[in-house]
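Participant: Structure incoming, see below.
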Amino acid sequence: MTDIAKKRPEFRNINALTDLPSYRLPAAGIVSILHRVSGVLMFILMPFIIWMFDTSVSSEISFARFTAAFNVGIGFVPGWFIKLVALALIWAYLHHFIAGIRHIMMDVNHAAVTKQSGASSAKRTLIGSVVLTIALGAKLFGLY
């Protein structure tokens, strides 16, 4: 054995309480986990998506009810909460879409599958999805 191999620590068991809080996940790992989370979030919110689409295109009266839901609310659910759920859905879609394009680009361009390009594309994915979500969220909450 070489001296380098002797100096490297060997982890056989990982203690979730002591090891995981100090572990730094790389940006590509964060994007990968959030890609899965956004997909699950969109799947879980599918009834809400279908309701929004149905009430927005059925008639003028249902569209008025749709816009009132975002302003006043529905039953005991306030309008700001519906806007937050819609904002979460906007983020999930944008992140899932941008991360999906990132994965396709990595599949097509094998030169993009390096540590440096993976880290930079992951950071661009995170920044892009957050910036677009903030822009659309500002529109959703009536800031412009």
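Participant: Could you list all residues from segment 41-60 that are loosely packed, with under 12 Cβ neighbours inside 10 Å and part of a helix (DSSP H, G or I)?
Facilitator: Residues satisfying the conditions are Phe43, Ile44, Met46, Pro47, Ile50, Phe53, Asp54, Val57, Glu60.
Participant: Okay, moving on. Identify, from the list Arg65, Arg36, the residue that is under 13 Å from the mean Cα position of the chain (by Cα) and in a helix (DSSP H, G or I).
Facilitator: Of Arg65, Arg36, the one residue that is under 13 Å from the mean Cα position of the chain (by Cα) and in a helix (DSSP H, G or I) is Arg36.
Participant: Looking at segment 92-105, can you tell me whether even one residue there is modelled with pLDDT of 90 or more, under 14 Å from the mean Cα position of the chain (by Cα), surrounded by fewer than 17 Cβ atoms within 10 Å (Cβ to Cβ) and not aromatic (Phe, Trp, Tyr)?
Facilitator: Yes, there is a match, as at least one residue in segment 92-105 is modelled with pLDDT of 90 or more, under 14 Å from the mean Cα position of the chain (by Cα), surrounded by fewer than 17 Cβ atoms within 10 Å (Cβ to Cβ) and not aromatic (Phe, Trp, Tyr).
Participant: Shifting gears a bit: So Leu45 fits all but one of (1) in contact with a Leu (Cβ under 6 Å, 6 or more places away or on another chain); (2) at pLDDT 95 or above; (3) not polar (S, T, N, Q); what number is the exception?
Facilitator: So the condition that Leu45 fails would be (2).
Participant: Being under 23 Å from Lys139 (Cα atoms), surrounded by 12 or more Cβ atoms within 10 Å (Cβ to Cβ) and touching a residue at least 40 places away in the same chain (Cβ under 8 Å) is the requirement here; does Ala86 meet it?
Facilitator: yes
The values are calculated or read from the model by the stated rules, or taken from the named source; none is laboratory data. Predicted, not measured: the structure shown is a model, and the values here were computed from it. In this analysis, Cβ positions are derived from the backbone assuming ideal geometry, glycine residues included, and neighbour counts consider all displayed protein chains.
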